[in-house]
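Peer 1: One structure is given below, represented as structure tokens, and several questions about it will come after.
The values are calculated or read from the model by the stated rules, or taken from the named source; none is laboratory data. This one's a predicted model, so the numbers in the text were calculated from it and none came from an experiment. Backbone-built Cβ (ideal geometry, glycine too); neighbour counts: all protein chains shown. Just the protein is used for accessible areas: all its heavy atoms, side chains included, with ligands, DNA and RNA removed. Shrake-Rupley method; radii C 1.70, N 1.55, O 1.52, S 1.80 Å.
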Amino acid sequence: MENEGFETMAIHGGEGEDPYRALTPPLYMTSTFTFPDIEEVGRVLSGERTGYVYSRASNPTVANLEKVVAHLEGGESGAAFASGMGAIAAILLHFAKSRRPLVFSRHIYTGTRHFISEMLEPLGIPARFVDLRVDGEGLSGLRSRLEEGAGGVFCESPSNPSLDIVDLAAVSALCREYGVPLAVDNTFPSPALQNPLRLGATIVVHSATKYLGGHGDLLGGVAAGSREVIGKIAAVESPLLGATLSPMNAWLILRGVKTLSLRMEAHTRRAGALASLFASSPHVREVRYPGLSSHPGYETARRQMSGAGGMLSVVFEGKEEAGRFMNALRIVRIGVSLGDPASLVEHPARMSHRGYSREERERMGVPEGLVRFSVGLESLPDLQIDVEEALRAL
Ligand SMILES: Cc1ncc(COP(=O)(O)O)c(C=O)c1O
């Protein structure tokens, strides 16, 4: 299906072989697979015949999801996990086998940061942070780290929750020059709006909990890339870490993916309108949305994304104003996830990033008054009224 349009691939790309030609692929809710005789076991284990053995290693429903996400991202293979963190852990442990330092963009999801400080560093795997923002220090920091030797580079664009933009083609080109693999967390834009592999990245990773699943009812993660690199991760890190995606969740994510493109268009339309509304408010110090021409990454985002997406961050005067705004919302809920039909706000200083000092948060691009807004799919006029009334409470 490689040459079909995005929506066609999203709808039909996850279909497997089914003897009954079911329109919706069946859910193989099983831990293990049986064999008619011992000779058949040998044929499956040697790869002579395609088959399944045990669902921690592979499962047909999960394989359908891996195939469709790989297609949508322009990769050859995919590997699914129980969560986005499961996928990120597998990739970083795979990179760590090089026994060289790993390089991270300073502006990444807090869970990834915690994995570095609580897992990688205690295991003796050094991490180096560089500023990869288009309006940051340029790529000289990355070049020096690559020059010293690195086992892998990891970044995110737009970043969570600072909404910073990384020039993915430029970073990919530099990593390729040094032969270092680059993994990009593409959770915020989803494959409908940005495809890092097509820009030169080695691996793309998603929290499928967010836009891929799209309904706020499950956890999941997917990585995609070349057959070679994903094949290694799928053969070793994935089954041995045991962060295995349930076939049930794979089936639900496959269902979510079918409407991904429509949903991303609708999220983007609403987020763009709310970003303009926030930008016109005297109570707002800064609006971070890559679709606004005032965003320092606007031009790069236009080049590498087909839409600015459903995530934005709003910076209020301080913690207290951020809290008052959130408490005054009626339709928009307070919660840490994102990418759901329901709009959600979170206040990093008191929620996701509360374990860091104020100075550390500032260094990560997260001021005290920043509120992250996952713009959902509710009626736009209702969202606009909700936001206007909450701003009036300030
Ligand atoms: C950008 C990003 N990457 C990874 C993750 C981790 O995903 P999960 O919660 O599915 O483990 C998240 C979760 O919020 C995220 O926002």
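Peer 1: For the chain, modelled as a Gaussian network with Cα springs under 10 Å, which listed residue fluctuates most, Gly376, Gly75, Gly141?
Peer 2: Gly141
Peer 1: Please give, to one decimal in nm, the separation of the simple spin-label points placed at Glu40 and Arg302, each 7 Å out from Cα toward the Cβ.
Peer 2: 6.0
Peer 1: Helix 319-328 versus the longest principal axis of the chain: what angle, 0 to 90°, nearest 10, using Cα atoms?
Peer 2: Around 80 degrees separate the two axes.
Peer 1: Right, here's the next one. How large is the charge dipole for segment 318-385, taken about the Cα centre, if only the Cβ atoms of Lys, Arg (+1) and Asp, Glu (-1) carry charge, to the nearest 20 debye?
Peer 2: Working: 10 positive and 10 negative charges, 34 e Å.
That gives a dipole near 160 debye.
Peer 1: Have a look at Arg49, Arg285, Arg333 and tell me which one the Gaussian network model of the chain (Cα, springs below 10 Å) gives the largest fluctuation.
Peer 2: For the chain, modelled as a Gaussian network with Cα springs under 10 Å, the answer is Arg49.
Peer 1: In percent, what relative contact order does the chain have, based on Cα pairs under 8 Å that are 6 or more apart in sequence?
Peer 2: 17
Peer 1: Here is a further query. When Rg is the radius of gyration of the Cα atoms in the chain and Rh is its Kirkwood radius, what does Rg/Rh come to?
Peer 2: Taking Rg over the Kirkwood Rh, I get 0.98.
Peer 1: If you average the alpha carbon positions of segment 104-151 and of segment 317-391, how far apart do those two centres end up, in angstrom?
Peer 2: 27
Peer 1: Kindly express, to the nearest 10 degrees and within the range 0 to 90, the angle between helix 84-96's C-alpha long axis and the longest C-alpha principal axis of the chain.
Peer 2: 70
Peer 1: How large is the helix-only mean residue ellipticity at 222 nm for the chain, computed as the sum of -39500 (n - 2.57) over DSSP H runs with n ≥ 4, divided by its residue count, in deg cm²/dmol to the nearest 500?
Peer 2: -11000 deg cm²/dmol
Peer 1: Only four residue types carry charge here, +1 at the Cβ of Lys and Arg and -1 at the Cβ of Asp and Glu. Report the dipole size of the chain about the Cα centre in Debye, rounded to the nearest 20.
Peer 2: For the chain, the charge dipole is close to 440 debye.
Peer 1: Tell me the carbon and sulfur percent of the accessible area for the chain, rounded to whole percent, probe radius 1.4 Å.
Peer 2: Here it works out to 51 percent.
Peer 1: Still on this structure, I have one more. How much net charge surrounds Arg43 when only other residues with a Cβ under 12 Å from its Cβ are counted (Lys, Arg +1; Asp, Glu -1)?
Peer 2: Once all neighbours under 12 Å are counted, the net charge is -3.
Peer 1: Output the 0 to 90 degree angle, nearest 10, between the alpha-carbon long axis of helix 60-73 and the longest principal axis computed from the alpha carbons of the chain.
Peer 2: 50
Peer 1: Rolling a 1.4 angstrom probe over the protein heavy atoms, how many square angstrom per residue are accessible across the chain?
Peer 2: Value for the chain: 43 Å² per residue.
Peer 1: Percent antiparallel among DSSP beta bridges with both residues in the chain, to the nearest 5?
Peer 2: Around 60 percent of the beta bridges assigned by DSSP in the chain are antiparallel ones.
Peer 1: Show log10 I(q)/I(0) for segment 254-348 at q = 0.15, 0.18, 0.21 Å⁻¹, two decimals, from a solvent-free Debye sum over equal Cα scatterers.
Peer 2: For segment 254-348 at q = 0.15, 0.18, 0.21 Å⁻¹, log10 I(q)/I(0) is -0.65, -0.92, -1.17.
Peer 1: Might you work out the accessible area of Tyr109 for me, using a 1.4 Å probe with all protein chains in place, and round it to the nearest 10 Å²?
Peer 2: Spelled out: Tyr109, probe radius 1.4 Å, area about 80 Å².
Peer 1: If you find the alpha carbon centre of segment 214-270 and of segment 159-174, how far apart are they in angstrom?
Peer 2: Comparing the Cα centres of segment 214-270 and segment 159-174, I get a distance of 21 Å.
Peer 1: How many nm is it between the label spots at Glu378 and Thr24, if each spot is 7 Å from the Cα in line with the beta carbon?
Peer 2: It is 2.8 nm.
Peer 1: Which one of Leu262, Leu142, Leu338 has the biggest mean-square fluctuation once the chain is modelled by GNM with Cα springs under 10 Å?
Peer 2: The residue that fluctuates most here is Leu262.
Peer 1: What spacing in nm lies between the two simple spin-label points modelled at Arg363 and Ala169, each 7 Å away from Cα in the Cβ direction?
Peer 2: Each label point lies 7 Å from its Cα, and together they span 3.3 nm.
Peer 1: In debye, nearest 20: dipole of segment 260-392 around its Cα centre with unit charges on the Cβ of K, R (+) and D, E (-)?
Peer 2: 220
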